[in-house]
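A.B. asks: Before I ask anything, let me first share the structure, which is written out below as structure tokens.
The values are calculated or read from the model by the stated rules, or taken from the named source; none is laboratory data. What you see is a predicted model; the values in this text were computed from it and never measured. We place every Cβ from the backbone using ideal geometry, glycine too, and count neighbours over all the protein chains shown.
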């Protein structure tokens, strides 16, 4: 809760003037947290208006100082920061589902929403690259909102798909599918997230390495079997990856490889 974070920050700050202003603004911050929760449940966070201060007491600069100088660094608050950062399974960034979490991202930018600077619901674990790509982006509509791991479920259906490119060496191209049960808005949000965090190039790079890594295994199967045997091996790996994460790049990669007769017939050798 924001009140707990705010109290811990106040107890760790020595600047009496800043402490006074934080106390004066504390109610506004708690109210902002409640509004954030309400808007988040309806995925209308984009509608929260921006500001350059909290109530009349604190400026954006003040809140950035509280965040970076106290919440991130103070012994009295660092445990809270680390707990939020450690939330994702295996420390994997929930925005790209690939790189390691190294920071917290302000889902709604602190430069535009100072009242949300230390609100835990607005602090999303992220890798440095995703945090850098997002910067102070402010969505103007629901379809422009990227995934929010605290409010969204984008793994209720498979939206990430891939196709094999018959190149030398073989490559994989990723794109966004349209699950039948999804609304047009949810599909648009998936596409926007995919584009904003440049997942196509990230996943294609990893898929290329994966193809190189499995080439020896595929050659062994092909040397004593048929393209169907290669396909069955790839299908099994696809099913295993899908069981772990339906929208992992590994799932889409192995599904695409198994579906490609060219690849199963020897395309993996080039």
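A.B. asks: Would you check if residue 153 is outside the structural domain of residue 241 (by TED's automatic domain parsing) and over 28 Å from residue 62 (Cβ atoms)? Steps first, please.
C.D. replies: Working: outside the structural domain of residue 241 (by TED's automatic domain parsing): yes; over 28 Å from residue 62 (Cβ atoms): yes.
Spelling it out, residue 153 is indeed outside the structural domain of residue 241 (by TED's automatic domain parsing) and over 28 Å from residue 62 (Cβ atoms).
A.B. asks: Given the residues 218, 133, which is the only one that is in contact with a helix residue (DSSP H, G or I) (Cβ under 7 Å, 6 or more places away or on another chain), assigned to a helix (DSSP H, G or I) and either without any contact (Cβ under 8 Å) to a residue 24 or more places away in the chain or over 30 Å from residue 82 (Cα atoms) (or both)? If you could, list the steps in order and put the result at the bottom.
C.D. replies: Numbers: 133 fails: either without any contact (Cβ under 8 Å) to a residue 24 or more places away in the chain or over 30 Å from residue 82 (Cα atoms) (or both).
None of the other options fit; the residue is 218.
A.B. asks: Please go through the range 136-152 and pick out each residue that is touching a helix residue (DSSP H, G or I) at 6+ places or on another chain (Cβ under 7 Å) and farther than 22 Å from residue 92 by Cβ.
C.D. replies: Correct list: 139, 140, 141, 142, 143, 144.
A.B. asks: Being in contact with a strand residue (DSSP E or B) (Cβ under 6 Å, 6 or more places away or on another chain) and more than 30 Å from residue 269 (Cβ to Cβ) is the filter here; which residues of the range 150-166 pass it?
C.D. replies: If the condition is that a residue be in contact with a strand residue (DSSP E or B) (Cβ under 6 Å, 6 or more places away or on another chain) and more than 30 Å from residue 269 (Cβ to Cβ), then 159 is the only one that fits.
A.B. asks: For residues in the range 100-121 being in contact (Cβ under 8 Å) with a residue 40 or more places away in the chain and either within 11 Å of the chain's Cα centre (by Cα) or assigned to a helix (DSSP H, G or I) (or both), which is nearest to residue 40 (Cα to Cα)? Spell out the reasoning first.
C.D. replies: Residues of the range 100-121 in contact (Cβ under 8 Å) with a residue 40 or more places away in the chain: 107-108, 110-121.
Next, only the ones that are either within 11 Å of the chain's Cα centre (by Cα) or assigned to a helix (DSSP H, G or I) (or both) stay: 107, 114-116, 120-121.
Values: 107: 11, 114: 17, 115: 15, 116: 13, 120: 13, 121: 9 Å.
Taking the candidates together, the pick is 121.
A.B. asks: So, one more: Among (1) part of a loop (DSSP other than H, G, I, E, B); (2) touching a strand residue (DSSP E or B) at 6+ places or on another chain (Cβ under 9 Å), which single condition is residue 63 missing?
C.D. replies: (1)
A.B. asks: If you take the residues of the range 175-191 that are in contact with a helix residue (DSSP H, G or I) (Cβ under 6 Å, 6 or more places away or on another chain) and under 21 Å from residue 139 (Cα atoms), which of them is surrounded by the fewest Cβ atoms within 10 Å (Cβ to Cβ)? Steps first, answer last, please.
C.D. replies: Within the range 175-191, the subset in contact with a helix residue (DSSP H, G or I) (Cβ under 6 Å, 6 or more places away or on another chain) is 176, 178, 185, 188-189.
Checking which are under 21 Å from residue 139 (Cα atoms) leaves us with 176, 185, 188-189.
Numbers: 176: 20, 185: 13, 188: 18, 189: 26.
Only one residue tops the list, namely 185.
A.B. asks: Among (1) buried (at least 16 other Cβ atoms within 10 Å of the Cβ); (2) more than 30 Å from residue 38 (Cα to Cα), which single condition is residue 212 missing?
C.D. replies: All conditions pass for residue 212, except number (1).
A.B. asks: Do the conditions hold for residue 146, that is, is it closer than 18 Å to residue 189 by Cα and either in contact with a strand residue (DSSP E or B) (Cβ under 6 Å, 6 or more places away or on another chain) or surrounded by 18 or more Cβ atoms within 10 Å (Cβ to Cβ) (or both)?
C.D. replies: Numbers: closer than 18 Å to residue 189 by Cα: yes; either in contact with a strand residue (DSSP E or B) (Cβ under 6 Å, 6 or more places away or on another chain) or surrounded by 18 or more Cβ atoms within 10 Å (Cβ to Cβ) (or both): yes.
Yes; evaluated as a whole, the condition is true for this residue.
A.B. asks: What is the number of the single condition among (1) free of Cβ contacts under 8 Å to residues at least 40 places away in the same chain; (2) within 24 Å of residue 11 (Cβ to Cβ); (3) out of contact with any strand residue (DSSP E or B) (no Cβ under 6 Å at 6 or more places or on another chain) that residue 42 does not meet?
C.D. replies: (2)
A.B. asks: While we're here: Kindly list the number of the only condition in (1) under 29 Å from residue 152 (Cα atoms); (2) modelled with pLDDT of 95 or more that fails for residue 1.
C.D. replies: Every listed condition holds for residue 1 apart from (2).
A.B. asks: For the subset of the range 103-140 comprising residues that are surrounded by fewer than 18 Cβ atoms within 10 Å (Cβ to Cβ) and touching a strand residue (DSSP E or B) at 6+ places or on another chain (Cβ under 8 Å), which member is farthest from residue 194 (Cα to Cα)?
C.D. replies: Residue satisfying both the conditions and the ranking: 103.
A.B. asks: Report yes if some residue within the range 159-173 is under 28 Å from residue 58 (Cβ atoms) and in a strand (DSSP E or B); otherwise report no. Walk me through it before giving the result.
C.D. replies: Let us first name the residues in the range 159-173 that are under 28 Å from residue 58 (Cβ atoms), namely none.
Within the range 159-173 (the criterion being under 28 Å from residue 58 (Cβ atoms) and in a strand (DSSP E or B)), the answer is no, since none of the residues qualifies.
A.B. asks: Considering each of 172, 124, 168 in turn, give the residue that is over 30 Å from residue 38 (Cβ atoms), touching a helix residue (DSSP H, G or I) at 6+ places or on another chain (Cβ under 9 Å) and in contact (Cβ under 8 Å) with a residue 24 or more places away in the chain.
C.D. replies: On the way: 124 fails: over 30 Å from residue 38 (Cβ atoms); 168 fails: touching a helix residue (DSSP H, G or I) at 6+ places or on another chain (Cβ under 9 Å).
After applying the criteria, what remains is 172.
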